[in-house]
Every structure is written in C-alpha cells, then in structure tokens.
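The next block holds one structure in the form of structure tokens; read it before the comments.
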Amino acid sequence: MNILVTGGCGFIGTNFIYFMLNESQHTLINLDKLTYAGNLENLRSVEERYAGTRYFFEHGDICDAELVPDLLKKYSIDVIVNFAAESHVDRSINEPGMFIQSNTQGTYNLLEASRQAGIKKFIQVSTDEVYGSLGPQGSFKEDSPLAPNSPYAASKASADLLCRAFFKTYHFPVTITRCSNNYGPFQFPEKLVPLTFLRARDNESIPVYGQGENIRDWIYVSDHCRGIKLCIEKAGPGSIYNFGGNAEYKNLDVIKKILDIMGKSHKLIRFVQDRPGHDLRYAMDFTLAKKDLGFEPSVKFTEGLELTINWYLNNNKWVDSIKSGDYIRFMDKWYKERE
Ligand SMILES: NC(=O)c1ccc[n+]([C@@H]2O[C@H](COP(=O)([O-])OP(=O)(O)OC[C@H]3O[C@@H](n4cnc5c(N)ncnc54)[C@H](O)[C@@H]3O)[C@@H](O)[C@H]2O)c1
C-alpha cells in the first residue's frame, strides 16, 4: 500500500515513519512544508536506507491545490495520514491566521483532492484539545461536544467537522483520531517535556504557567503511532477514536519528574503568569479504541520519560542544532512577557 504521510518531518510524523518502516511493508510518501517545526535531519537514516524504494520525500504545502492532486496520482496513493499542522498553542495565540490556513484550509484541500482521486482511507490526526476543558472528574468520549478554547484547538476542531461533513455528505472514508499529549524522541523543544529537558540541561530557569496545576494525559509517541496503524488496518468509514496513555499528571509534577531523572534542582522552576484560555484538565476515555481496534498503551509514563530524556541526552547534536534556531527567540520573549 502507498501511504501519503503529511507533516512527516515533525515530531509525531517522524516517529510514525520510523514505526511504519519497521512494522509494515508499506511505502511512505512524506509531504512536508518544512516549517520551523519540520526537520529533514530527523529522517536522514530513513533517506539513506529507503529513499526511492519504500520512502519518498516531497517538499510542499498541503494547502497547494495543484500539488496535492498531482502527488496522489504520481504515487497512486491508497491512504492518507494527515499530521501536517501548526501545533503549538502558544503560537496560535499570537498568530492564529496560519493555524486556520494549515490546519483547517489545508485539511479541506487534502479532503477534496482525496475525494476526487477516490482515496480508500483518510486518517485525520486530531487532538484531545478539540473537546475543551474538563473539571476534576470525568473523561472525554468520542461523542463529547467539541468546545475548543484556543485558536489551535478551534482550527483542529474545524478540520474535524469538515471530515465529518465529507463522510456524511459524500460517504468519503474518513477516520478521525483524537490523542492526548505525546512525548518521546524528536519533539520540538517548545513543548513541555523537551523544553524542560533543554533548559534544565543548560541550567536555565524552567517557566511554569500559573501554579502548574493544569493536568494532561500523557502518551508515549510510539503508542500513538500504533493506534494510527490499527486505524489504517481496522477502522471503518466515519469512525472516531480517542487515544490516551492512562497517565494523568499535573504539569508541575511532570517537570519535577524530569528534573529528578536529570539530577537537577527543583529550584530551577519559575512560575509565570498563566496563558489566556489555558484548559485545566484533559483526560481520555479510549474504551472504543480498545474494543474495536485492540488498542492499549504499552509504555508506562515513568519508563517513557526515562527513554525520552536518554534520547535527548544521546542526541546533543540534534538538540543543539534546534537550540540555535528561531524558537529560542520566540519562547524567551513569550515567557519574559509573563514574568
Ligand atoms: N504533539 C502532540 O502532543 C499531539 C497530540 C495530539 C494530536 N497532535 C496532532 O498531531 C499532528 C502532529 O503533531 P506534532 O506534534 O508532530 O507537530 P509538529 O509541529 O512537530 O510537526 C508538524 C509538521 O507539519 C509540517 N507542516 C506544517 N504545516 C504544513 C503545511 N501547510 N503543509 C505541509 N506540512 C506542514 C511541519 O513542517 C512539521 O514537520 C498535528 O496535527 C497535531 O495537531 C499532536
């Protein structure tokens, strides 16, 4: 089968490409715009081993209404897995327009081209954030109302609704996956786990929003990748699946765990003003994915965190090349404004 993976040079897309090359015989075509979050270096060893046989890279934008149909034809694509997105909530507060463009308009462009081309399965990689915020109890189910609170979440929820409409109106075979917070190798250090690692490594203060009371469910990235593979194999048209890691933690506790693994002082923690619209708690009920797909997360949080920190420690070159980029300037300014 030929699978078009969009956003394959980002965090989850990269892990998915490695996972699928190891765990399947499929051919993968990676379409990526190479934004600040896309890194060709992530896939250097894939290029060396599989380029031109089971792996092909195409530099381009999912919003490009000429390029996408051409690629679907050129590679006789059977399945699309759409990871491509602007993915950082903080940035979406500053620059919402590009989130609407890539996440909503881009998904529409992919859906329409895929419908015209008769694609057999379209997997839209969505997020728990489309459901909004929970109180102290309960968890999100697939039929929980969509109530996004950030421009990022709203752009993803809009894409989910377009997917739904394409299924209802055209019987186009879409599956939506909604997953909780991923962590693991290759994650861009604007997100909590690698940000904490990077700043702690260099003995810099670690910013925490509010009192660090916000709760997220954490899933190791390879568990998410396995869930998506199961969807390719088993999910029916119009289906929606939640994925989670059964690991709810306060942000402050996640940071303390990382500092402990690294043998660093908790004194590095610096509380900053909370960000606007900050959801208090997410938690996922993924009973349906267990029942229909046989999905179960396999990596425990503490084990996954250790794997992740070790990966970053062993990949200093990757970390340093990213640290010298634009993100540092954005993040430093962002947190300084909140001190
Ligand atoms: N990271 C998480 O915890 C998480 C959780 C649930 C869902 N998701 C979803 O998973 C997907 C991947 O997330 P991630 O953390 O890997 O993101 P990321 O920011 O690390 O990577 C995004 C990738 O998409 C590419 N891209 C962006 N806009 C594009 C465009 N218009 N055309 C082509 N490529 C484009 C970037 O270059 C980059 O390689 C996103 O759709 C996100 O909403 C992420």
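Between the alpha-carbon centres of the stretch 245-291 and the stretch 63-132 there is a gap of 28 Å. Using the alpha carbons alone, the radius of gyration of the stretch 98-143 stands to its Kirkwood radius in an Rg to Rh ratio of 1.13.
Qualifying GluC sites (Glu not before Pro) in the stretch 55-125, where qualification requires a DSSP coil assignment and no more than 10 other C-beta atoms within 10 Å, comprise Glu66.
Computed over every Cα-Cα pair of the stretch 228-336 and binned at 5 Å starting from 0, the pair-distance distribution P(r) comes out as 2, 9, 12, 14, 17, 17, 13, 9, 5, 1, 0 percent. Computed log10 I(q)/I(0) for the stretch 148-262 at 0.16, 0.20 Å⁻¹: -0.88, -1.15, from the Debye equation with unit scatterers placed on every C-alpha and solvent omitted. In whole percent, how big is the carbon plus sulfur part of the accessible area of the chain, probe 1.4 Å, protein atoms only? That share works out to 50 percent. Annotation: Cα Rg of the stretch 77-173 relative to the compact-globule expectation 2.2 N^0.38 Å equals 1.12.
Could you point to the residue in Tyr282, Val299, Leu259 farthest towards the positive end of the stretch 222-305's charge dipole, with +1 and -1 charges on the Cβ of Lys/Arg and Asp/Glu respectively? The listed residue farthest towards the positive side: Leu259. In percent, rounded to a whole number, the relative contact order of the stretch 241-336 is 42, using alpha-carbon pairs under 8 Å and six or more apart. Averaged over its residues, the chain has an accessible area of 41 Å² per residue, based on protein heavy atoms and a 1.4 Å probe.
Applying a threshold of 22 Å to the alpha-carbon distances of Lys250/Lys291; Lys121/Lys291; Lys191/Lys317 flags Lys250/Lys291 as lying beyond it.
For the pair Glu48 and Asp274, label points projected 7 Å from Cα toward Cβ lie 4.8 nm apart. Quick one: in the chain, what % of C-alpha pairs are over 29 Å apart? Roughly 35 percent, rounded to a whole number.
For the stretch 217-276, the relative contact order works out to 40 percent when only alpha carbon pairs closer than 8 Å and six or more residues apart are counted.
Charge tally around Glu47: other residues with Cβ under 15 Å, Lys/Arg +1 each, Asp/Glu -1 each, net -1.
With r defined as the distance between the Cβ atoms of Ala117 and Asn314 and R0 fixed at 41 Å, what FRET efficiency is calculated, to the nearest 0.05? Computed FRET efficiency for Ala117 and Asn314: 0.50. The share of C-alpha pairs in the stretch 1-131 whose separation exceeds 21 Å stands at 36 percent. For the chain, relative contact order (Cα pairs under 8 Å, six or more residues apart, normalised by length) works out to 17 percent. Using the alpha-carbon positions of the stretch 1-68, Rg (one decimal) and Dmax (whole number) come out as 11.2, 32 Å.
The values are calculated or read from the model by the stated rules, or taken from the named source; none is laboratory data. This one's a predicted model, so the numbers in the text were calculated from it and none came from an experiment. Cβ coordinates were reconstructed from backbone atoms using ideal geometry, including for glycine residues, and neighbour counts include every protein chain displayed. Note: areas computed on protein heavy atoms with side chains; ligands, DNA, RNA excluded. Shrake-Rupley method; radii C 1.70, N 1.55, O 1.52, S 1.80 Å.
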